[in-house]
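First the structure, in the form of structure tokens, and then the observations on it.
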Amino acid sequence: MLFVPGDAFLAAALEADPGLLEHAAGRQVVLATPTTLIALLRTVALGWRQEALAEQAAEIQRTGRELHQRLRTWSDHLDQLGRSLGAATRHYNSAVGSLESRVLVSARRLGDLGVSDEPLPGPREVRELPATAATTATTATGAARRAGEPERMDLP
């Protein structure tokens, strides 16, 4: 940028050489007077602000992608945990059923024969499943929670 300290000076130079603006532009020089300098400075400031906004937008996009990937990984872990909890619940209930039908029946007969005066209780089945394992019951569970009812789901 070549600063010319007055509009009259630039006007006189252009009268003497009408191709002066094209000559300066060909050499990537901007001729600026006090009047045009303010507009040029505002344009440069606007460009800098736009560049800063573009950099911030790019950073937001990078951070958003990273957050999305992390949420996806976390969601995958949570889904796997839900499936594992569902499998563990089914295995536990199978073990309780086996204990009840195979072992405690004989043990209770011993109680009937007077070996002990105390009744022999059996373990209870787990009735709640993770939300991912009981997708059909999710809506009913949410309605029960809103209605203030206790959450209970029967195993499939």
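State the extension gain, in nm to one decimal, for the chain segment bounded by D79 and A107, taking 0.36 nm per residue of separation less the distance between their alpha-carbons.
Difference between extended and current length: 6.1 nm.
Looking at the calculated P(r) for the range 1-113, what percent of the C-alpha pair distances fall above 25 Å? Kindly include the intermediate steps, with their values, before the conclusion.
Working: 4213 of 6328 pairs.
Every Cα pair in the range 1-113 considered, those over 25 Å come to 67 percent.
For the range 1-82, what % of the accessible area comes from carbon and sulfur atoms, probe 1.4 Å? Don't skip to the end; give the middle numbers.
Numbers: 4280 of 6780 Å².
Exposed carbon and sulfur together represent 63 percent of the surface.
Taking only the Cα atoms of the range 1-66, how large is their convex hull per residue, in Å³? Display every interim value, and only then the final one.
On the way: hull volume 5.5 nm³, N = 66.
Enclosed volume per residue, from the Cα hull, is 83 Å³.
Taking 7 Å along the Cα-to-C-beta vector as the label spot, tell me the A45-A57 distance in nanometres, rounded to one decimal.
Those two pseudo-labels are separated by 2.2 nm.
Please list log₁₀ I(q)/I(0) at q = 0.21, 0.22, 0.28 Å⁻¹ for the range 64-113, using the Debye equation with identical point scatterers on the alpha-carbon positions.
Here the Debye-derived log intensity ratios amount to -0.76, -0.79, -0.93.
Around L31, which amide H atoms from residues at least 5 apart in sequence, or from another chain, sit under 5 Å from its own amide H, with H modelled in the peptide plane?
Distant-sequence amide H within range of L31: L2.
Got the relative contact order for the range 1-85 handy, in percent, Cα pairs under 8 Å and 6 or more residues apart? List each step's numbers first, then the result.
Details: 32 pairs, mean separation 23.8, N = 85.
Taking the mean separation of contacting Cα pairs over the length of the range 1-85, I get 28 percent.
Would you list the P(r) distribution for the range 30-92, with all Cα-Cα distances sorted into 5 Å bins from 0 and each bin expressed as a whole %?
Final binned percentages: 4, 14, 9, 10, 8, 8, 7, 6, 7, 5, 5, 4, 4, 3, 2, 2, 1, 0.
The values are calculated or read from the model by the stated rules, or taken from the named source; none is laboratory data. Note that the structure is predicted; figures quoted are calculated from it, not measured. Quick reminder, even Gly has a Cβ in these numbers, built from the backbone with ideal geometry, and neighbours come from all protein chains shown. Quick note on the areas: whole protein, heavy atoms, side chains included, nothing else; ligands and nucleic acids left out. Shrake-Rupley method; radii C 1.70, N 1.55, O 1.52, S 1.80 Å.
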